[in-house]
1. Taking region 57-87 as the search range and keeping residues that are part of a loop (DSSP other than H, G, I, E, B) and charged (D, E, K, R), which one is farthest from residue 23 (Cα to Cα)?
2. Which of the following residues is modelled with pLDDT of 95 or more and under 14 Å from the mean Cα position of the chain (by Cα): 33, 44?
3. Give me the pairs, please: first residue somewhere in region 47-60 and on the phi < 0 side of the Ramachandran plot and aromatic (Phe, Trp, Tyr), second residue anywhere and surrounded by 13 or more Cβ atoms within 10 Å (Cβ to Cβ) and in a loop (DSSP other than H, G, I, E, B), beta-carbon distance under 8 Å, and either six or more positions apart or on two chains.
4. Tally the residues that are basic (Lys, Arg) and under 12 Å from residue 77 (Cβ atoms), restricting the search to region 22-50.
Amino acid sequence: MNRRLNLDAHLESTLKNRRARRAFAARLDMTIKRAKVTSGRVAKTLGVPERDVTLWRAGVVVPKSTDCARLSELLDVDVAWLCAGHA
């Protein structure tokens, strides 16, 4: 639960910081490309519109913490790394 609260707080601050949004987007985009999946497949697996995934990859918005956790599972990467750049 505590980790989730920390992730929520980090994502909230990321929304306000353009550089952090772009860094998240770069990590997400790179990870999706390495996994060789499409934005459409990611969206379908997460149950979100493909437009949301496209906006995440562009750094316009960041996903909710629950979506970040599901993204990390789908893409087989650590959630802390994906969302905050921490190993």
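1. Only one residue tops the list, namely 76.
2. When all the criteria are applied, what remains is 33.
3. 56/62; 56/63
4. The qualifying residues number 2.
The values are calculated or read from the model by the stated rules, or taken from the named source; none is laboratory data. Since the model is a prediction, treat every value here as computed from it, not as a measurement. As a convention, Cβ positions derive from the backbone with ideal geometry for all residues, glycine included, and neighbour counts pool all protein chains shown.
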